[in-house]
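Engineer: Quick one: the structure is below, questions incoming.
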Amino acid sequence: MPKPTLICIVGPTAIGKTTLSIAIANALETEIISADSRQFYKEMSIGTAVPSSEELAAVPHHFIQDRSIFDTYSVGDFERDALRKLEALFSRHEYVVMVGGSGLYVDAVLKGLDHFPKVDPGIREALNEKLDAEGIETLQQELQEADPTHYERVDVQNPHRLIRALEIYRATGKPYSSFLKSATTQRSFNTVLIGLTADREIVYERINKRVDIMIEQGLIEEARTLHQHLDLNALQTVGYRELFAYFDGTLSKDEAISEIKKNTRRFAKRQGTWFRKNPDIQWFDHSTAVATILEFIKTKSAQ
RNA sequence: GGCGUCUUGGCCGAGUGGCUAGGCAGGGCUCUGCAAAAGCUCGUACAGCGGUUCGAAUCCGCUAGACGCCU
């Protein structure tokens, strides 16, 4: 029996991934797994541009708004859940489509992460407090002593990276670097990676337009209901934080909206940086006919 | 037509003879459980031409453009 195929669609935000994924899933009579780190949350819809109810009705979707902003969820959880889901789906489908703009989440499913133990959230809290109270130097110092190998490699200016390495060390007593196996994980499925792209100006235009539409659809009202939860990780999200700043009086409404556009543009740029370095991606212009892409998928998966 | 003021990188903006402000926008990049996060990094521009000077964005002249006032 041949290996099943995971068709993975990536690309910058607002390029049209959702539409393409539905067309392809439809043509192949299969289902869609979302690899979007913000569309998991049921409390957010407008700002995360989740598929519309018509789109969701057209093709079964997974990992769309299936948990709450109050849950803690990370790439590791997603890798595990997605693989389990894929196994189930591949028992009835030859193809499954995965779409998403979250590079790390996509890579977790495709290439796998090394296994790290669960860390008590209190440890991270303590590290964050240490950062606030004593500054980043103290974290750098601690890591230099605990894990000189990783200290050499990590971006020591980046508190997130420092804290991750230290929380593993504090939780296990073993250096973060000792968990890195960097062995390429074998998957039980083949992968066809499709990147959607367009000239920068076009992407930016689409982003600007989409933000205006989100505002028309009631993003401000949606954000207002979530304002009280602004500290939650799920709400460290473009489109919400800027509006929280507006509610708090730091920004005017118009400023908040143009900040959302700017931050979304920057996000798209970072997505580009991430995906560009993956040589396995076959890029298509966003105007490419679905039939052309389907043909590519068929040829590629037959190899 | 006359007189005066102004002209700095995509934008804003400091700088009044030597030591290449700064901000924003934009670009490039990093990345193994906070990832729509977090972090790193990149700009020798002074309207044009000529002159003074060892040396000019800074001084002088002409030209062009903008603005203002006068006739």
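Engineer: Could you state the principal axis extents of the C-alpha atoms in chain A, from the largest down, to the nearest angstrom?
Structural biologist: Projected onto its principal axes, the Cα set of chain A covers 57, 52, 32 Å.
Engineer: Can you give the Rg and Dmax of region A:67-169 based on its C-alpha atoms, in angstrom?
Structural biologist: For region A:67-169, the Cα radius of gyration and maximum Cα-Cα distance read 17.3, 55 Å.
Engineer: Which three extents, in whole angstrom, do the alpha-carbon atoms of region A:8-79 cover along their principal axes, largest first?
Structural biologist: Principal-axis extents of region A:8-79 (Cα, largest first): 36, 25, 23 Å.
Engineer: Okay, next question. Mean 1/r over all different Cα pairs, inverted: what Kirkwood radius does region A:183-303 give, in Å?
Structural biologist: Details: mean 1/r = 0.0582 Å⁻¹.
Here the Kirkwood hydrodynamic radius works out to 17.2 Å.
Engineer: Dipole magnitude of chain A about its Cα centre, charges +1 at Lys/Arg Cβ and -1 at Asp/Glu Cβ only, in debye to the nearest 20?
Structural biologist: Details: 37 positive and 43 negative charges, 188 e Å.
Charge dipole of chain A: 900 debye, to the nearest 20.
Engineer: Pairs to check: A:3/A:300; A:118/A:181; A:42/A:269. Give those whose C-alpha atoms are more than 20 Å from each other in this structure. Display every interim value, and only then the final one.
Structural biologist: On the way: A:3/A:300 13 Å; A:118/A:181 17 Å; A:42/A:269 26 Å.
Over 20 Å apart, Cα to Cα: A:42/A:269.
Engineer: Please name whichever of A:154, A:122, A:22 sits farthest to the positive end of the charge dipole of chain A, dipole taken about the Cα centre and charges placed at Cβ: Lys and Arg +1, Asp and Glu -1.
Structural biologist: Of the listed residues, the answer is A:22.
Engineer: Let me ask something else. Could you give the length gained on full extension between residue A:58 and residue A:115, defined as 0.36 nm per residue of separation minus the Cα-Cα distance, in nm? All intermediate terms of the calculation are to be shown ahead of the outcome.
Structural biologist: On the way: separation 57, 0.36 × 57 = 20.52 nm, distance 3.63 nm.
Net length gain for the segment: 16.9 nm.
Engineer: If you don't mind, there's one more thing I want to ask. Have a look at A:247, A:136, A:186 and report the one farthest towards the positive end of the charge dipole of chain A, computed about the Cα centre with Cβ charges (Lys/Arg +1, Asp/Glu -1).
Structural biologist: A:186
Engineer: Once the other residues with Cβ under 10 Å from the Cβ of residue A:235 are scored (Lys, Arg +1; Asp, Glu -1), what is the net sum?
Structural biologist: Details: positive: A:38, A:241; negative: A:43, A:231.
Here the count lands on 0.
Engineer: Could the peptides A:121-130, A:28-37 be put in order, highest first, of the mean number of other beta-carbon atoms found within 10 Å of their residues?
Structural biologist: Details: A:121-130: 14.0, A:28-37: 21.8.
The packing order, highest mean first, is A:28-37, A:121-130.
Every number in this text was worked out from the coordinates using simple rules, so none of it is lab data. These numbers come from a predicted model, not from an experiment. Cβ coordinates were reconstructed from backbone atoms using ideal geometry, including for glycine residues, and neighbour counts include every protein chain displayed.
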